[in-house]
Amino acid sequence: MSSETPTGVGDDQDPDVGEVVRFEVVEHGDGAVVVHVDGEIDTMTAPVVRQRLAGQIPAASLLVVDLTRVTFLGSAGLAALVEAKEKAEGDGSRLRLVCGSHAVTRALEATNLLSLFDVADGVPEALRTA
């Protein structure tokens with residue numbers, strides 16, 4: 001099941017956020033959920049990213065966060081990813097990142113956070129190694 005969900009992003013509370021970050025959530029068999037993130041993850045959008053990822057964790061034994069279309073990943077975005085990883089582990093789930101973009105890889109490497117995450121080369125690989 002696929003659902004593109006820009007609702008709640010750029011809604012009445014934060015009308016500008018939807019112009020900066022968008023999500024598509026795709027449920028796969030065996031409890032795997034892929035969240036495709038498109039845009040910038042910064043101070044303004046990180047709370048929305050945090051909320052969107054946290055909302056998927058209870059239903060997912062494996063949460064794959066596809067960041068290949070992320071054009072900017074700031075410190076608030078990095079914190080949101082770390083928080084999602086900790087929440088997933090606390091709930092008995094796994095979180096796997098698909099970086100893909102230079103902006104994401106550079107941010108994770110510069111902060112020495114890359115080794116903290118389980119990273120796959122692409123979504124198919126992330127799902128195959130589930």
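Assuming a viscosity of 1.002 mPa s and a temperature of 20 °C, what translational diffusion coefficient in µm² per second does Stokes-Einstein assign to the stretch 16-128, Rh being the Kirkwood radius over Cα pairs?
Estimated via Stokes-Einstein, D reaches 157 µm²/s.
Run the simple label-point estimate for E83 and F117 please: 7 Å along Cα→C-beta, distance reported in nm.
Taking the two extended label points, one gets 1.6 nm.
Give a residue-ordered list of calculated ³J(HN,Hα) values for the stretch 112-125 (Karplus: 6.51 cos²θ - 1.76 cosθ + 1.60, θ = phi - 60°; whole Hz; x for Gly, Pro).
Values, residue by residue: 6, 9, 4, 6, 6, 9, 7, 10, 10, 6, x, 4, x, 5 Hz.
If I model a spin label as a point 7 Å beyond the Cα along the Cα-Cβ vector, how far apart are those points for S75 and Q51 in nm?
2.4
Got a sec to turn the phi values of the stretch 66-75 into Karplus ³J(HN,Hα) couplings, 6.51 cos²θ - 1.76 cosθ + 1.60 with θ = phi - 60°, whole Hz, x for Gly and Pro?
8, 9, 5, 9, 7, 9, 8, 10, x, 4
Please arrange S115, S75, S101 by counting, for each residue, the other beta carbons lying within 10 Å of its beta carbon, fewest first.
In increasing order of surrounding Cβ atoms, one gets S115, S75, S101.
What list of ³J(HN,Hα) values in whole Hz, one per residue of the stretch 83-91 in order, does the Karplus curve 6.51 cos²θ - 1.76 cosθ + 1.60 (θ = phi - 60°) give from phi, with Gly and Pro shown as x?
Along the stretch 83-91, the couplings run 4, 5, 4, 5, 5, 4, 4, x, 8 Hz.
Readers should treat all values here as calculations from the given coordinates under stated rules, not as data from a laboratory. Note that the structure is a prediction, hence the values are computed from the model and not measured. Using ideal geometry, Cβ is built from the backbone for each residue, glycine included, and neighbour counts are taken over all protein chains shown.
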